[in-house]
Amino acid sequence: MRKVPGPPSFDGLKRRIARHRAENRPSKKDHFVRETYCLGLMDARAKAREWFDEYPKAAYWTEVESWRQLDGDQIEFTMRRLPSAD
């Protein structure tokens, strides 16, 4: 009876993924303006509202790109928008 070979090495695949990620950084592809904040819950809501009031979603594609709740009622979030409405 022959011994069943183990799983293949993924070293080549890991190198290709790492190279692809290094060559295709998000900052090269998109032109969005991003700002990250870490504020209390009510201040975070006010800051997001400020962004939506100053940069309307329809013109600037403004959105809360990501957010997470931290200890002590703190919210870390990233706002994203286009640099101009053109």
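Some observations on this one:
- Note on the chain: with a GNM built from Cα contacts shorter than 10 Å, the maximum mean-square fluctuation among Asp11, Asp73, Asp43 falls on Asp11.
- Listed by chain and number, the aspartates and glutamates placed with their C-alpha closer than 20 angstrom to that of Lys47 are Glu35, Glu63, Glu65, Asp71, Asp73, Glu76; residues fewer than eight positions away on the same chain are left out.
- In Hz, Karplus ³J(HN,Hα) per residue of region 63-76 (6.51, -1.76, 1.60; θ = phi - 60°; x = Gly, Pro): 7, 7, 6, 7, 7, 8, 8, 9, 4, x, 6, 9, 10, 9
- Build a GNM of the chain with springs between Cα atoms under 10 Å apart, and of Ala22, Ala48, Ala59 the one that fluctuates most is Ala22.
- Taking the centroid of alpha carbons for each part, region 1-25 and region 37-63 are 41 Å apart.
- For the chain, the relative contact order comes to 31 percent (Cα pairs under 8 Å, sequence separation of at least 6).
- Our coupling estimate for region 42-59, obtained by passing each phi through the Karplus curve with A = 6.51, B = -1.76, C = 1.60 and θ = phi - 60°, is 5, 5, 5, 4, 5, 5, 5, 4, 4, 4, 5, 6, 7, 10, x, 4, 4, 8 Hz, Gly and Pro reported as x.
- Among Asp71, Asp53, Asp30: highest mean-square fluctuation, GNM of the chain, C-alpha pairs under 10 Å: Asp71
- The chain - percent of accessible surface contributed by carbon and sulfur, probe 1.4 Å: 53
- Compared with the dominant principal axis of the Cα atoms in the chain, helix 11-23 is inclined by about 30°.
- Rh (Kirkwood; distinct C-alpha pairs) - the chain, Å: 16.3
The values are calculated or read from the model by the stated rules, or taken from the named source; none is laboratory data. For clarity, every value in this text was computed on a predicted model and none was experimentally measured. Just the protein is used for accessible areas: all its heavy atoms, side chains included, with ligands, DNA and RNA removed. Shrake-Rupley method; radii C 1.70, N 1.55, O 1.52, S 1.80 Å.
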